[in-house]
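Each reported figure results from applying straightforward, stated rules to the coordinates on display, with no laboratory input. Predicted model only: the values in this text are computed from it and were never measured. Don't worry about glycine lacking a Cβ; one is built from the backbone with ideal geometry, like all the others, and counts go over all protein chains shown.
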Amino acid sequence: SQTIHQWPATLVQPVGSPLSLECTVEGTSNPNLYWYRQAAGRGLQLLFYSVGIGQISSEVPQNLSASRPQDRQFILSSKKLLLSDSGFYLCAWSVLAEAFFGQGTRLTVV
Amino acid sequence: SQQGEEDPQALSIQEGENATMNCSYKTSINNLQWYRQNSGRGLVHLILIRSNEREKHSGRLRVTLDTSKKSSSLLITASRAADTASYFCATDAWAAGNKLTFGGGTRVLVKP
């Protein structure tokens with residue numbers, strides 16, 4: 001069966017520090033991969049979308065970047081975090097239309 | 001900008017009542033899906049309806065799709081306290097590269 005792993009669950013980082021959030025998928029091949037951000041009480045904002053290794057679409061100009069070094073690995077990064085980067089980050093995968101989500105990472109930039 | 005927008009933003013009902021929420025979108029779609037999110041967790045897929053379908057059922061859930069109005073509704077019948085969550089619609093469309101985009105969600109509170 002397919003599973004998705006996203007870690008860490010919570011993270012507190014100082015302003016200006018780097019960020020690396022990792023997401024891995026098991027049990028499927030060539031998935032579409034997503035990074036979303038969710039502000040408190042709000043909807044999901046699509047940050048990055050990938051249809052294959054090295055193929056990444058950036059949806060929103062921002063302080064973040066994404067990489068897909070392996071078929072089932074998706075990494076969200078920042079060189080220098082801003083206070084506005086705080087939020088709940090969700091990784092998801094899909095093969096057909098239905099998406100499967102990780103449990104999310106709550107990032108607080110202080 | 002978000003493709004889907006849910007209405008209402010929040011809904012409070014008594015256990016046993018039905019809960020109805022709506023989703024509107026802007027462009028032609030391939031599929032529309034509904035997801036549920038418990039506080040602080042990931043989203044869980046509930047139901048998918050294709051653009052050529054008008055209604056689907058899954059247990060206590062009923063989804064309708066009106067492509068002429070670019071809208072969908074999710075009905076939860078005989079609600080339970082455990083249905084308390086946020087509900088999101090999501091769409092994918094050829095014009096948007098088949099990416100899955102979400103609305104702002106409806107927060108549902110079912111009081112026991």
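Loop-resident trypsin sites (Lys or Arg not before Pro) (DSSP state other than H, G, I, E or B) in the stretch A:1-83 with no more than 16 further Cβ atoms inside 10 Å of their Cβ: A:Arg42, A:Lys79, A:Lys80. Seen from A:Ile53, the other residues with C-beta closer than 14 Å to its C-beta sum to a net charge of +1, counting Lys and Arg as +1 and Asp and Glu as -1. Other residues whose C-beta falls under 12 angstrom from the C-beta of B:Asn38 contribute a net charge of +2, scoring Lys and Arg +1 and Asp and Glu -1.
The 3J(HN,Hα) values that the Karplus relation (6.51, -1.76, 1.60; θ = phi - 60°) gives for the stretch B:29-35 are, in residue order, 10, 8, 9, 10, 10, 10, 10 Hz. Gly and Pro appear as x. A DSSP coil position with no more than 12 other Cβ atoms inside 10 Å describes none of the chymotrypsin sites (Phe, Trp or Tyr not before Pro) in the stretch A:36-110. Using 0.36 nm per residue and subtracting the Cα-Cα separation, the extra length available between B:Thr77 and B:Thr64 on full extension is 3.3 nm.
Using C-alpha pairs under 8 Å with a sequence gap of at least 6, the mean separation divided by the residue count of the stretch B:19-112 gives a relative contact order of 32 percent. Computed from point charges on the beta carbon alone (+1 for Lys and Arg, -1 for Asp and Glu), the dipole magnitude for chain B about its Cα centre is near 160 Debye.
Once you keep just the Cα pairs under 8 angstrom separated by 6 or more residues, what percentage relative contact order results for chain A? It would help to have the intermediate numbers written out before the result.
Numbers: 275 pairs, mean separation 39.3, N = 110.
That works out to 36 percent.
Legend: mean number of C-beta atoms from other chains within 10 angstrom of residue C-beta atoms, peptide A:32-45, equals 4.
Say a site is exposed when it is one of the trypsin sites (Lys or Arg not before Pro), sits in a DSSP loop, and has at most 16 other Cβ atoms within 10 Å; what is then the longest site-free stretch of chain B? Longest site-free region, per DSSP loop and neighbour criteria: B:81-112. Taking 7 Å steps out from each Cα toward its Cβ at B:Glu55 and A:Lys79 produces label points 5.7 nm apart.
Note on the protein assembly as shown: Lys pairs 8 or more places apart or on different chains, Cα atoms under 28 Å apart, count 12.
Within 10 Å of the Cβ of each residue in B:43-50, the mean number of Cβ atoms contributed by other protein chains is 3.
If you take all other residues with their beta carbon under 13 Å from the beta carbon of A:Pro18, and give Lys and Arg +1 and Asp and Glu -1, the sum is +1. Ranking A:Gly54, A:Pro18, A:Leu90 by Cα position along the charge dipole of chain A, where only Lys, Arg, Asp and Glu carry charges on their C-beta atoms, puts A:Pro18 farthest toward the positive end.
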